[in-house]
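Throughout, read-outs are computed from the coordinates displayed, never taken from laboratory work. Because the structure is a prediction, the values reported are computed rather than measured. Glycine gets a Cβ as well: all are built from the backbone with ideal geometry, and neighbour counts include every protein chain shown.
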């Protein structure tokens with residue numbers, strides 16, 4: 001099954017050019033690689049389309065203890081030094097990559113940009129990846145990291161009780177799950193910032209059919225990610241598909257940024273609707289003519305910079321509302 005005949009016509013010229021160049025480069029599809037090869041490939045190619053790295057005053061490597069005694073890495077970005085001025089609010093960020101690839105480095109520019117625009121600290125979490133660590137390790141790591149940041153804010157020179165969570169793609173799933181845990185555990189959050197999150201148990205929406213091939217995130221790649229990450233019997237667990245959580249009322253307000261030409265766009269819209277129906281304030285932005293992953297393409301795709309700006313300002317406003 002291929003993409004619908006007119007679906008490519010929705011792409012912006014710049015986006016179409018990027019996809020054509022990737023196609024011409026003859027890069028192997030991720031699903032033909034091992035997880036280790038795919039990680040290396042993503043690590044090397046991630047910065048090619050991204051903005052140049054913005055300078056930032058404070059960059060600090062952290063090690064966060066998990067429930068099983070393992071230490072995971074995280075990196076703190078802040079626009080001012082620890083010794084300067086008043087303590088900053090914090091965004092805890094989870095990178096995308098289908099729970100299988102991606103790292104602090106692949107999302108380095110995005111985290112710096114959000115820190116700069118929102119004038120907040122961003123802590124990027126290097127949760128453990130599949131297939132070495134299958135579901136629910138990533139979810140447990142994400143929640144353990146959020147709790148640790150909340151408890152350690154003061155010692156890190158950050159503002160206690162001024163926390164938001166965010167992520168893109170699989171990282172958006174982790175952030176949405178953490179928002180539910182946070183509500184259930186009484187941990188207040190200012191915002192959940194979700195770039196094209198996965199929220200459904202199965203890939204059955206119309207957009208999964210429309211954009212299943214030739215739009216960056218092919219169906220074969222999605223299947224490859226999830227086969228590495230989760231057993232089919234676990235797919236209905238809400239920690240994989242936050243849409244299936246028992247209730248969605250009382251969650252932190254959400255900013256949701258979606259790409260129009262993305263297999264995940266319909267489930268992103270459905271999740272926004274579900275939150276609104278439950279009384280959660282939602283700000284939904286759909287960036288037209290772009291594909292999954294566009295926020296890391298700021299060098300060539302102007303919509304990436306718009307999305308950084310929109311998300312950063314949403315964060316800034318959410319934090320200032322809770323002073």
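With only Cα atoms counted, the range 222-307 has Rg and Dmax values of 14.9, 41 Å. Calculated from the structure, Cα extents along the principal axes in Å equals which of [x] 50, 44, 42; [y] 95, 44, 38; [z] 54, 42, 37? Recomputing Cα extents along the principal axes in Å here gives the entry labelled [z].
In degrees, nearest 10, range 0 to 90: what is the angle between the Cα axis of helix 13-25 and the longest Cα principal axis of the chain? Here the helix axis deviates by roughly 70 degrees. Listing 111, 120 from fewest to most neighbouring C-beta atoms within 10 Å gives 111, 120.
P(r) for the range 40-115, from all Cα pairs and a bin width of 5 Å, is 3, 13, 21, 23, 20, 12, 6, 2, 0 %, short bins first.
Relative to the longest principal axis of the Cα atoms of the chain, helix 108-118 runs at roughly 50 degrees. Every helix of 4 or more DSSP H residues in the chain counts as -39500 (n - 2.57), and over all residues that averages to -11000 deg cm²/dmol at 222 nm. From largest to smallest, the equivalent ellipsoid semi-axes obtained for the range 104-231 from the alpha-carbon gyration tensor read 28, 17, 14 Å. Between the range 120-178 and the range 225-283, the alpha-carbon centres lie 17 Å apart.
Anisotropy class assigned to the range 1-149 is oblate, per the alpha carbon gyration tensor with a/c at or over the 1.5 cut-off and a/b no larger than b/c. Sorted ascending by nearby beta carbons within 10 Å, beginning with the fewest, 280, 177 become 280, 177.
To the nearest 10 degrees, how steep is helix 170-185 against the longest Cα principal axis of the chain, on a 0 to 90 scale? Here the helix axis deviates by roughly 40 degrees. In plain terms, the residue of 222, 109 with the fewest other Cβ atoms within 10 Å comes first and the most crowded comes last, giving 222, 109.
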